[in-house]
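Colleague: Here it is, the structure, as structure tokens.
The values are calculated or read from the model by the stated rules, or taken from the named source; none is laboratory data. Computed from a prediction, not measured in an experiment: that's the story for all the values here. Don't worry about glycine lacking a Cβ; one is built from the backbone with ideal geometry, like all the others, and counts go over all protein chains shown. What goes into the accessible areas is simple: the full protein's heavy atoms, side chains included, and nothing from ligands, DNA or RNA. Shrake-Rupley method; radii C 1.70, N 1.55, O 1.52, S 1.80 Å.
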Amino acid sequence: MEINFLGFMLVLLPVALSPGASFTLVMSSALAGGRSGLFRTLAGTALGIYTHALLIGLGITAVIVSSPAIFGTLKIAGTFYLLWLGLMLIVSGIKSKRTELTSRLSSITVKEAWLANVLNPKAIMFYLTVVSQFSGKDGGISHYLILASVHVGVMSIWLIAISHALIFSAKNTDPLLLKKYVNIAGGLLLIIFSLHSIIQ
């Protein structure tokens, strides 16, 4: 059985287009670092998606999920990491000054975006339970990497378009005020996402 691209796209679109941790990090990075900040965060998120594809293709994800201790530890680490990122964004938003419009606290690195994706239990479960259904019966790592490429493409097009509409096109908006709102709201969203993952 070959890769089911149509089925995958139908399942992927609602997931990729809904606001989540990647959306929040991209908006903050686009505001803080402009297009280079945007592309750093997209690169880290894409690396995270490819990491999930490799892990599931190698069977490592199944081992992680089958061990409550390992998966629980990963879930706790991911939760605390998102909490930390959320708090850093809130602090950056509150402390925004005109002279520090591109503060380091709100400029997400490739590594931080990668970690936020790799440590996300929802992303792990998405690749294990959803992506595996569309990879084909005899699909291996190559099929998972192809589906990950589709995922990265859809996510990148969406996040570039939305950041352009919300951040780069807001020429009449005070950049300091925009930074405050985006970082504080984004930080609160990351905290909500992380606390939601504890409850589930």
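Residue by residue, here is whether (1) under 16 Å from residue 195 (Cα atoms); (2) at pLDDT 90 or above; (3) open to solvent by less than 20 Å² (accessible area, probe 1.4 Å); (4) in a helix (DSSP H, G or I) holds:
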residue	(1), (2), (3), (4)
75	yes, no, no, yes
91	no, no, no, yes
99	no, no, no, yes
105	no, no, no, yes
111	no, yes, no, yes
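Colleague: Evaluate the following for residue 51: is it crowded, with 23+ Cβ neighbours inside 10 Å, at pLDDT 80 or above and within 17 Å of the chain's Cα centre (by Cα)?
Modeller: Judged against the criteria, residue 51 is not a match.
Colleague: For a quick check of your reading of the model, give me the residue pairs whose first member lies in the stretch 135-160 and is under 12 Å from residue 45 (Cβ atoms), whose second is among the aromatic types (Phe, Trp, Tyr), with beta-carbon atoms closer than 6 Å and at least 6 apart or on different chains.
Modeller: So the pair list comes out as 148/50.
Colleague: Something else about it: Report the residue count in the stretch 136-172 for those that are at pLDDT 85 or above and over 17 Å from the mean Cα position of the chain (by Cα).
Modeller: Residues flagged as at pLDDT 85 or above and over 17 Å from the mean Cα position of the chain (by Cα) within the stretch 136-172 amount to 6.
Colleague: Among the residues of the stretch 2-11, is any open to solvent by 30 Å² or more (accessible area, probe 1.4 Å), in a loop (DSSP other than H, G, I, E, B) and either of a type in the set (A, V, I, L, M, F, W, C) or over 30 Å from residue 181 (Cβ atoms) (or both)? Outline the logic, then answer.
Modeller: Quick first cut of the stretch 2-11, residues open to solvent by 30 Å² or more (accessible area, probe 1.4 Å) only: 2, 4-6, 9-11.
Cutting the leftovers down to in a loop (DSSP other than H, G, I, E, B) gives us 2, 4.
Restricting the remaining residues to those that are either of a type in the set (A, V, I, L, M, F, W, C) or over 30 Å from residue 181 (Cβ atoms) (or both) gives 2, 4.
Checked against the condition, which is being open to solvent by 30 Å² or more (accessible area, probe 1.4 Å), in a loop (DSSP other than H, G, I, E, B) and either of a type in the set (A, V, I, L, M, F, W, C) or over 30 Å from residue 181 (Cβ atoms) (or both), the stretch 2-11 yields at least one hit.
Colleague: Looking at residue 71 and the list (1) modelled with pLDDT of 80 or more; (2) in contact with a helix residue (DSSP H, G or I) (Cβ under 9 Å, 6 or more places away or on another chain), which single condition is not satisfied?
Modeller: Status for residue 71: all satisfied but (1).
Colleague: Let me ask something else about it. Confirm whether residue 39 is surrounded by 17 or more Cβ atoms within 10 Å (Cβ to Cβ), among the aromatic types (Phe, Trp, Tyr) and within 19 Å of residue 153 (Cβ to Cβ).
Modeller: Here the answer is yes, as residue 39 does meet what is asked.
Colleague: What about residue 35, is it under 13 Å from the mean Cα position of the chain (by Cα), of a type in the set (Lys, Arg) and within 26 Å of residue 181 (Cβ to Cβ)?
Modeller: no
Colleague: In addition: Just to be sure before I move on: is residue 87 part of a helix (DSSP H, G or I), within 19 Å of residue 187 (Cβ to Cβ), open to solvent by 20 Å² or more (accessible area, probe 1.4 Å) and at pLDDT 75 or above in the structure I sent? Write out each step before concluding.
Modeller: On the way: part of a helix (DSSP H, G or I): yes; within 19 Å of residue 187 (Cβ to Cβ): yes; open to solvent by 20 Å² or more (accessible area, probe 1.4 Å): yes; at pLDDT 75 or above: yes.
Yes, satisfied.
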